[in-house]
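Asks: Encoded as structure tokens, here's the structure I'll be asking about.
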Amino acid sequence: MRRLFPFPLLAFSLFVMWVLLTGFSPGHVLVAAAVALLLPRVMLPLGWERPKIRFCRAMLTLARIVIADIIRSNIAVGKIVLMRRPDRKSGFIQLPVALRDPYALAVLAIILTATPGTLWVQHDPRRNVILIHVLDLIDEQQWIDLIKHRYERLLLEIFE
Amino acid sequence: MIQAPDLPGWAAIIVGLLLFAGAAFTLVGTLGLIRLKTFYDRVHAPTLGASLGTVLVATASMICFTVLQTRPVIHELLIILFVTLTTPVTLILLARAALYRDRSEGAAHVPADDE
């Protein structure tokens, strides 16, 4: 099974993507299966290690939190753009992280950047510190707590 | 000119509201590019269109074509997925480039590289 599907999640995603794009005809399901079987092999020579993902409740919790946060921060950033507050201050935050897994860090980078108002800028792998930019920086410690308790705890559960 | 005359009224209202909301969020994000003053602030603005703007417009499209063709049309989910995954990569690269230049010019408002 491992030899046939070196990256099972990637194979499954490719299959679903192909079927969604071409419609549910038997011929295309066959083509989708062939694509899912062959294409993930491209990843092997690149030497990426397999992500260690634990399928658990934490995934659903994380998805729910991220969706809620994206909606809330869309409205918050919209307000900042429309009503210029003179006391608004933006700035950088240095944030120490406990995450080591590169896939988990990539997910955190995408979550932080896809959410309006926070932007992932840099990751220092030696000190394990990430640099983020925040549009509405009221209390630095509040942002650090938010990211560590809301996202990092769940990502640690999923990836490590 | 009516593009979708077969769309029932209730669906037209839902689709219209979703499209309007999505377009409004995208417009506010675009306005942000003008109204915010520094580069790092401006990078935040387009994410409005890339997150909620895209989701609302794609949802409107899914509802519209599902009702019109009376079968589930959900491949717009892929648009949401790929826009959500790829926009941050561009934004991070832009921010990194700006940071690199600011640091090499010795700008005071960016944190120094401690490596």
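The values are calculated or read from the model by the stated rules, or taken from the named source; none is laboratory data. Everything numeric here is computed off the predicted structure, so don't read it as measured data. Backbone-built Cβ (ideal geometry, glycine too); neighbour counts: all protein chains shown.
Asks: Does region A:83-98 contain at least one residue that is among the acidic types (D, E) and either at pLDDT 85 or above or outside the structural domain of A:R150 (by TED's automatic domain parsing) (or both)?
Replies: If we filter region A:83-98 for residues that are among the acidic types (D, E), which is where we start, we get A:87.
Of the ones still in play, those that are also either at pLDDT 85 or above or outside the structural domain of A:R150 (by TED's automatic domain parsing) (or both) are none.
Looking for residues that are among the acidic types (D, E) and either at pLDDT 85 or above or outside the structural domain of A:R150 (by TED's automatic domain parsing) (or both), one finds none in region A:83-98, hence no.
Asks: Another question about this same structure. Which residues, counting only those in region B:73-82, are out of contact with any Phe, Trp or Tyr (no Cβ under 9 Å at 6 or more places or on another chain) and more than 9 Å from chain A (Cβ to nearest Cβ)?
Replies: Listed by number, the residues that qualify are B:I79, B:I80, B:F82.
Asks: Looking at region A:97-129, which of its residues are without any contact (Cβ under 8 Å) to a residue 12 or more places away in the chain and assigned to a helix (DSSP H, G or I)?
Replies: Listed by number, the residues that qualify are A:P102, A:A106, A:I110, A:T113.
Asks: Checking A:I132 against (1) assigned to a loop (DSSP other than H, G, I, E, B); (2) touching a strand residue (DSSP E or B) at 6+ places or on another chain (Cβ under 8 Å); (3) closer than 30 Å to A:L9 by Cα, only one condition comes out false. Which one?
Replies: A:I132 satisfies every listed condition except (1).
Asks: Of everything in region A:111-129, what is more than 9 Å from every other protein chain (Cβ to nearest Cβ), more than 21 Å from B:F39 (Cα to Cα) and in contact with a strand residue (DSSP E or B) (Cβ under 9 Å, 6 or more places away or on another chain)? Give them in sequence order. Steps first, answer last, please.
Replies: Keep residues of region A:111-129 that are more than 9 Å from every other protein chain (Cβ to nearest Cβ), which gives A:123, A:125, A:128.
Going one step further and asking which of them are more than 21 Å from B:F39 (Cα to Cα), we end up with A:125, A:128.
A:N128 - this is the single residue of region A:111-129 that is more than 9 Å from every other protein chain (Cβ to nearest Cβ), more than 21 Å from B:F39 (Cα to Cα) and in contact with a strand residue (DSSP E or B) (Cβ under 9 Å, 6 or more places away or on another chain).
Asks: Criterion first (at pLDDT below 85 and under 24 Å from A:V129 (Cα atoms)) does B:A98 satisfy it?
Replies: Taking the combined requirement at face value, the residue does not satisfy it.
Asks: Here's a follow-up. Which residue pairs have Cβ atoms closer than 8 Å, lie 6 or more positions apart in sequence or on different chains, and pair a first residue in region A:36-49 that is modelled with pLDDT of 85 or more with a second residue that is assigned to a loop (DSSP other than H, G, I, E, B) and surrounded by fewer than 13 Cβ atoms within 10 Å (Cβ to Cβ)?
Replies: Between residues of region A:36-49 that are modelled with pLDDT of 85 or more and residues that are assigned to a loop (DSSP other than H, G, I, E, B) and surrounded by fewer than 13 Cβ atoms within 10 Å (Cβ to Cβ), the close pairs are A:L37/A:L4.
Asks: Any residue at all in region B:24-47 that's touching a Gly at 6+ places or on another chain (Cβ under 7 Å), touching a residue at least 12 places away in the same chain (Cβ under 8 Å) and of a type in the set (A, V, I, L, M)?
Replies: yes
Asks: Okay, moving on. Quick one: in region A:40-76, which of the residues that are touching a Leu at 6+ places or on another chain (Cβ under 6 Å) and aliphatic (A, V, I, L, M) is surrounded by the fewest Cβ atoms within 10 Å (Cβ to Cβ)?
Replies: A:A58
Asks: Tally the residues that are within 7 Å of chain B (Cβ to nearest Cβ) and buried (at least 22 other Cβ atoms within 10 Å of the Cβ), restricting the search to region A:77-110.
Replies: 2
Asks: Among the numbered criteria (1) within 14 Å of chain A (Cβ to nearest Cβ); (2) crowded, with 21+ Cβ neighbours inside 10 Å, which one does B:C64 miss?
Replies: For B:C64, the exception is condition (1).
Asks: How many residues does region A:130-139 hold that are surrounded by fewer than 18 Cβ atoms within 10 Å (Cβ to Cβ) and either closer than 24 Å to A:R100 by Cβ or at the interface with chain B (Cβ under 7 Å from one of its Cβ atoms) (or both)?
Replies: 0
Asks: Just checking, which of B:T59, B:T70 is modelled with pLDDT under 90, more than 11 Å from chain A (Cβ to nearest Cβ) and either at positive phi or in contact with a helix residue (DSSP H, G or I) (Cβ under 7 Å, 6 or more places away or on another chain) (or both)?
Replies: Exactly one of B:T59, B:T70 is modelled with pLDDT under 90, more than 11 Å from chain A (Cβ to nearest Cβ) and either at positive phi or in contact with a helix residue (DSSP H, G or I) (Cβ under 7 Å, 6 or more places away or on another chain) (or both), namely B:T70.
Asks: Among the residues in region A:68-79, are any under 15 Å from B:P88 (Cβ atoms) and under 15 Å from the mean Cα position of the chain (by Cα)?
Replies: yes
Asks: Condition first: over 25 Å from B:P72 (Cβ atoms) and touching a residue at least 40 places away in the same chain (Cβ under 8 Å). Now tell me which residues in region A:1-34 satisfy that.
Replies: Those that are over 25 Å from B:P72 (Cβ atoms) and touching a residue at least 40 places away in the same chain (Cβ under 8 Å): A:P6, A:F7.
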